[in-house]
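Here's the structure, in structure tokens; my notes come after.
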Amino acid sequence: MNENRAIHPSASLQHPARTRVVRRHAVAGAVMLALTGAVALPLQALETPNNIVTPAVSGQIAGLPSFAEVAARVTPAVVNVTVASESTRTMGFRAHPGLPDDLPVPEFFRRFFDEPGRMAPHRTMGQGSGFLVDAEGHIVTNNHVIDGASEVKVVLNDGSSHPARIVGRDDKIDLALLKIDAERPLAYVEFGDSTKARVGDWVLAVGNPFGLGGSVNAGIISARGRDIRSGPYDDYLQIDAAINRGNSGGPLFDTHGRVIGVNTAIFSPTGGNIGIGFAIPAETVGEVVAELREKGRVERGWLGVRIQRVTPELAAGLGLAQEGGVLVADVLAGGPASKSELQAGDVILSADAQPLENGRELPRLVAATEPGTRMRLEVWRDGKRRQLSVTLGRMPEADRVAVAPSEDMEETNQPRLGLYLAPLTPELRAQKGLDADRTGVYVARVEPGSPASRAGIASGSLISMVGANPVDSPAQLLAAVRAAAEEARTSVILRVERDGQALFVAVPFAA
């Protein structure tokens, strides 16, 4: 194998924090993200040709196996990821500095700034795991490990620390790709074929549980294809190897030393290991990492429908002989399906000749298809099978259509806020569940440590006014911010809406 070459498919990291972190969606109790980690203890340096961790375990091991040889080979490629992030906390204050006396804003807004409750910046630290996938320093980890980080560092197995930049991230699969410059070739691991891994096979989980340093835990694959309701494309390997806080984002190895998954979550009522952990399969990781490395993001196909599972009762009522397929509950206005013959009430039986057995298969198949591709659908309608086709669109992603006023303002030597904005298109309204007549500008992302972040503005918010003036587009908001800066004000007033509540926020300009 040629040295210093492109990474093999699959890799992943995990998310750190001093406090307990729970994944967004609980699984029958609590799916806890494995957090924290610590500086890896320096172990014996790996010296193999081309700096690659070679898969050298031969034959079957009789009786209880020893994983010492595999562990010695792979641990030099496992790293600790340390992150710093800026958060906000409540503190008392009197009168917001820079708030103009003549600003035409409601009186309750001024009372808000004359009372305790201002959100002040607070720096927090966290840790997670990751692993090197090439000699040049590309590292895979979980997105939740680095989400919101203003600073990312990677500690190698030899104890050396290196600043890392984020190459790309994907919150739907919970993966991120980092890059460090170590000025020397680095040991790395290869990816195996997780589709060949069977329930009952031995696996090794490597990471930094509870900040203790590099640790190796053995177990078996307990199940495949687990849906823990953490995202639309769940397809986890379930393992019983000990996974704790700090293992998140670390690699899962087979007995040949190849990565077959990324340790991402655990099921636990307490946050500690009870023998139920979940790893993203290597094939999924490989596809995502390849796109992140090439484009910095993942582009997915989009059908533009809401679907539900076909229950036995629904199947009987629709005249289907058996369960299977997915029921179209709604066709989103302005989406790709709205331009086709697909209707609410249709049961999609197959897509591109692939039968659909349950509701999880269609989203994965569509997402894995290139936008612009014409997909053939077989549907059940009025007791008959019909053949339709839909040209897939690009899944709406706020970051993809976002503009960055902060970058634009830097070019004109004006202050920056650190906001990445997106227009409220019909597709974005549909994706975010917003009313069709909702106005404002969508906050796609907030730059960590920026004035907007310190003011407490979060991604997913809507900005509907700048001062007393309504705004309906990123360009309009940018023009209003520029006008405020040209008036020599020290801050700009934004009306921010989130979770059904609206609040005026003063964001200081940062030169």
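The table below gives the values:
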read-out	value
Note, ³J(HN,Hα) from phi for the range 350-358, Karplus 6.51, -1.76, 1.60, rounded to Hz, x at Gly and Pro	8, 10, 6, 6, 9, x, 9, 8, 8
Label zone at residue 381 (point 7 Å along Cα-to-Cβ), backbone N below 12 Å, the range 299-323	none
Amide H within-cut-off set for residue 424, under 5 Å, with H built and near neighbours excluded	442
Built amide H within the under 5 Å cut-off of residue 79, gap 5+	130, 131, 132
FRET E, pair residue 84, residue 425, Förster distance 60 Å, beta-carbon r, rounded to 0.05	0.95
Table column - 3J(HN,Hα) (Hz), the range 302-307, Karplus curve with 6.51, -1.76, 1.60, x for Gly and Pro	9, 9, x, 9, 9, 10
Full-extension gain in nm, residue 488 to residue 287, via 0.36 nm per residue minus C-alpha separation	67.5 nm
Mean-position separation - Cα centroids, the range 278-327 and the range 66-82, in angstrom	34 Å
Extension reserve of the residue 343-residue 210 stretch, reckoned as 0.36 nm per residue once the Cα distance is removed	42.8 nm
Near-label residues of the range 229-249 by backbone N, under 19 Å of a point 7 Å along Cα→Cβ of residue 458	230-231
At 0.692 mPa s and 37 °C, Stokes diffusion of the range 283-395 via Kirkwood alpha-carbon radius, µm² per second	225 µm²/s
Relative contact order (%) - criterion: Cα under 8 Å, at least six apart; region: the range 224-269	26 percent
Extension reserve of the residue 473-residue 333 stretch, reckoned as 0.36 nm per residue once the Cα distance is removed	48.3 nm
Long-range amide H partners of residue 305 with built H, under 5 Å	332
Distance from the range 188-236 to the range 489-504 (C-alpha centre basis), Å	43 Å
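All of the numbers you see were taken from the coordinates with simple rules; none came from a lab. If you're wondering where the values come from, they're calculated on a predicted model, not measured in any experiment. Counting neighbours? That spans all protein chains shown, and the Cβs are built from the backbone with ideal geometry, glycine included.
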